[in-house]
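Presented below is the structure to which this report refers.
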Amino acid sequence: MNPPSAIRTLVLYADVWGTLSYFDDWKRAFETSTEFSADTANICPPGNTRDIAARIREYELIVLLHSTHVNRQQYLRPLLPAFESRPGRLLAFVDNEVNLPGDYLSDKIAFLKAARADFVATQLPLAAGEYLYADLSQTRVLAVPHALNPERYRPVVPQATRPVDIGVRSYEYFVLMGDIERNQIIDYFAQTPFAPPLRLDINTAGTGRLPPDGWA
């Protein structure tokens, strides 16, 4: 049970992607923290918008998790008027802090500016995050990595009996992103003969994505 001094918090998420493991980890962290008295709400169902907009006025802290920004914030944008008139603080976690085809970081920044976000959580080093979100002059940038839920992500298979030495489930980065190091690392292990040989399970086609328990 949370103490009376715990911050009354509404954690908003979008239940749309079952294969992105990190989407649920911060949700679980808020739910189990004794420093936050947290309720959660899924913003996807169309009928939830009016109810969530009303609830936003009741909390000291509103949290937007990574998943709320998916699909060009289509589920989040109807709630903008409620964010603009809220009495509490707003903390936003931002997913994909890069420009992807049809998913532009500038749109996310513009939304956070309109919503008057008090805090933005970046996965980047703090200096890089402050540079990236410089247009949000009234917003404090926090360097916060993806959560890692120890209840889920813990050793299960003994090291000596694991059937895979190096496993990858990912996508290849687009060349226009300017970041090819991850692709080069994956290609190096996929194409280099090792002695003794490594047992590899590498998939960058997007077909091998897993739900959270599958990742674990």
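Label-point separation (nm) for Ala216 and Asp15, each offset 7 Å from Cα along Cα-to-Cβ?
1.8
Obtain the nm distance between the two label points defined at Asn96 and Thr192 by a simple spin-label model: each point lies 7 Å from its Cα along the Cα-to-C-beta direction.
Going from the Asn96 label point to the Thr192 one covers 3.1 nm.
May I ask you to derive the FRET efficiency for Glu84 and Ser137 from their Cβ-Cβ distance with R0 = 22 Å, giving the value to the nearest 0.05?
On the way: r = 17 Å, r/R0 = 0.77.
Efficiency computed from Cβ-Cβ geometry: 0.85.
Just the number please: accessible area per residue for the chain, 1.4 Å probe, all protein chains included, in Å². Working shown, then result.
Values: 12710 Å² over 216 residues.
Per-residue accessible area for the chain comes out at 59 Å².
Can you work out the FRET efficiency for the pair Ser33 and Glu172, with r the C-beta to C-beta distance and R0 = 30 Å, to the nearest 0.05?
Values: r = 36 Å, r/R0 = 1.21.
That pair, Ser33 with Glu172, gives E of 0.25.
Roughly how compact is region 79-197, stated as its Cα Rg over 2.2 N^0.38 Å to two decimals?
Details: Rg = 19.6 Å, N = 119, 2.2 N^0.38 = 13.5 Å.
So region 79-197 has a normalised radius of gyration of 1.45.
Through the Karplus equation 6.51 cos²θ - 1.76 cosθ + 1.60, θ set to phi - 60°, convert the phi angles of region 117-124 into ³J(HN,Hα) values in whole Hz; use x for Gly and Pro.
4, 7, 9, 10, 9, 9, 8, 8
Round to the nearest 0.05 the FRET efficiency obtained for Asn203 and Leu105 when R0 = 30 Å and r is the Cβ-Cβ distance.
On the way: r = 27 Å, r/R0 = 0.89.
So, using R0 = 30 Å, E works out to roughly 0.65.
Compute and list, largest first, the equivalent-ellipsoid semi-axes of the chain from the alpha carbon gyration tensor, each √(5λ) rounded to a whole angstrom. Intermediate values should be presented prior to the final figure.
Values: eigenvalues 239, 93, 50 Å².
Its equivalent ellipsoid spans semi-axes of 35, 22, 16 Å.
Could you give the nm distance between label points at Leu126 and Arg162, where each point is 7 Å from its Cα heading toward the beta carbon?
Computed distance between label sites Leu126 and Arg162 equals 3.2 nm.
Given Ala115, Val175, Leu65, which one lies farthest toward the positive end of the charge dipole of the chain, if we put +1 on the Cβ of every Lys and Arg and -1 on the Cβ of every Asp and Glu?
Ala115
Carbon-plus-sulfur fraction of the accessible area of region 71-112, 1.4 Å probe, in percent? Mind showing how you got there, number by number?
Working: 960 of 1880 Å².
Result for region 71-112: 51 percent of the exposed heavy-atom area is carbon or sulfur.
Rounded to the nearest 20 debye, what is the charge dipole size of region 126-216 about its Cα centre when +1 sits on each Lys and Arg Cβ and -1 on each Asp and Glu Cβ? Intermediate values should be presented prior to the final figure.
Numbers: 8 positive and 10 negative charges, 72 e Å.
Dipole of region 126-216, to the nearest 20 debye: 340 debye.
Pull up the DSSP beta bridges for region 106-208 and report the antiparallel fraction as a percent, rounded to 5. List each step's numbers first, then the result.
Values: 1 of 9 bridges.
Here the antiparallel bridges make up roughly 10 percent for region 106-208.
The values are calculated or read from the model by the stated rules, or taken from the named source; none is laboratory data. Computed from a predicted structure; not experimentally measured. Neighbour counts are summed over all protein chains in view; Cβ atoms, including those assigned to glycine, are modelled from backbone coordinates with ideal geometry. Surface areas here come from the heavy atoms of the whole protein model, side chains and all, with no ligands, DNA or RNA. Shrake-Rupley method; radii C 1.70, N 1.55, O 1.52, S 1.80 Å.
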